[in-house]
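Visitor: Here it is, the structure, as structure tokens.
The values are calculated or read from the model by the stated rules, or taken from the named source; none is laboratory data. In this text the structure is predicted, and so the values were computed from the model without any measurement. Virtual Cβ from ideal backbone geometry, glycine too; neighbours counted across all protein chains shown. To get the accessible areas, we keep the full protein, side chains included, count just its heavy atoms, and leave off ligands, DNA and RNA. Shrake-Rupley method; radii C 1.70, N 1.55, O 1.52, S 1.80 Å.
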Amino acid sequence: MRNLLLLFLMVFITFSCVKGPSKDPVPTLEFKAVSPLGKATSASQPPRDTAVLILRYEDGDGDIFRNSNTDGPNLVYTTYAFNVGSNKFKIDGYPNQATIIQPANGYYKGKSIKGDIYVPMRQFRSSDNVKVIKFTAFMVDMKNNKSNTVTSPVYTLNF
């Protein structure tokens, strides 16, 4: 009987810690990584910055993605460069916009979804003189619900 009680308690504790799917129609983001930060080179183009921004998302109604490119951008990410004179981060260039399209022909619409988004970034800083950077990002869903803004760690570049 005691073993049965212990087994019941262990199962109860295990399943009580499992987080259920989100029902919130406002999407949430979590910063995962920027990888790999580097320079792309080719014979036909000059060297340029390259990286992939990886964000984890969760959306209770599945409308975080756009139906098509004509719906406009839904992801905004910004590069910040550290300014030694002011001892603060300042926007480097301008915010970048991307359109993340609904996968699987709209299969996710109306469903609670979560996963990762991989966003290729090219020439993410204004010049090679910028060595200390960080990124911010947010998304806007089809109903214009704005997600939280996520911030990356600070990166010191050696290229």
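Visitor: I'd like the residue in the range 17-42 that is outside any strand (DSSP E or B), open to solvent by 60 Å² or more (accessible area, probe 1.4 Å) and not basic (Lys, Arg) and, out of all such residues, is modelled with the lowest pLDDT.
Guide: Taking the range 17-42 and keeping what is outside any strand (DSSP E or B), we get 17-27, 41-42.
From the residues that got through so far, the ones that are open to solvent by 60 Å² or more (accessible area, probe 1.4 Å) too are 17-19, 21, 23-24, 41.
Checking the rest, the ones that are also not basic (Lys, Arg) come to 17-18, 21, 24, 41.
Values: CYS17: 54, VAL18: 48, PRO21: 63, ASP24: 84, THR41: 89.
Restricting to residues being outside any strand (DSSP E or B), open to solvent by 60 Å² or more (accessible area, probe 1.4 Å) and not basic (Lys, Arg), the top hit is VAL18.
Visitor: To continue, here is another question. Being among the basic types (Lys, Arg), more than 13 Å from the chain's Cα centre (by Cα) and more than 19 Å from LEU37 (Cα to Cα) is the requirement here; does LYS109 meet it?
Guide: On the way: among the basic types (Lys, Arg): yes; more than 13 Å from the chain's Cα centre (by Cα): yes; more than 19 Å from LEU37 (Cα to Cα): yes.
Spelling it out, LYS109 is indeed among the basic types (Lys, Arg), more than 13 Å from the chain's Cα centre (by Cα) and more than 19 Å from LEU37 (Cα to Cα).
Visitor: If ALA81 passes every condition in (1) touching a residue at least 24 places away in the same chain (Cβ under 8 Å); (2) in contact with a strand residue (DSSP E or B) (Cβ under 9 Å, 6 or more places away or on another chain); (3) open to solvent by 20 Å² or more (accessible area, probe 1.4 Å) but one, which one does it miss?
Guide: The single condition ALA81 does not satisfy is (3).
Visitor: Going through the range 56-78 one residue at a time, which ones are among the small types (Gly, Ala, Ser) and surrounded by 11 or more Cβ atoms within 10 Å (Cβ to Cβ)?
Guide: Within the range 56-78, GLY60, GLY62 meet the criteria.
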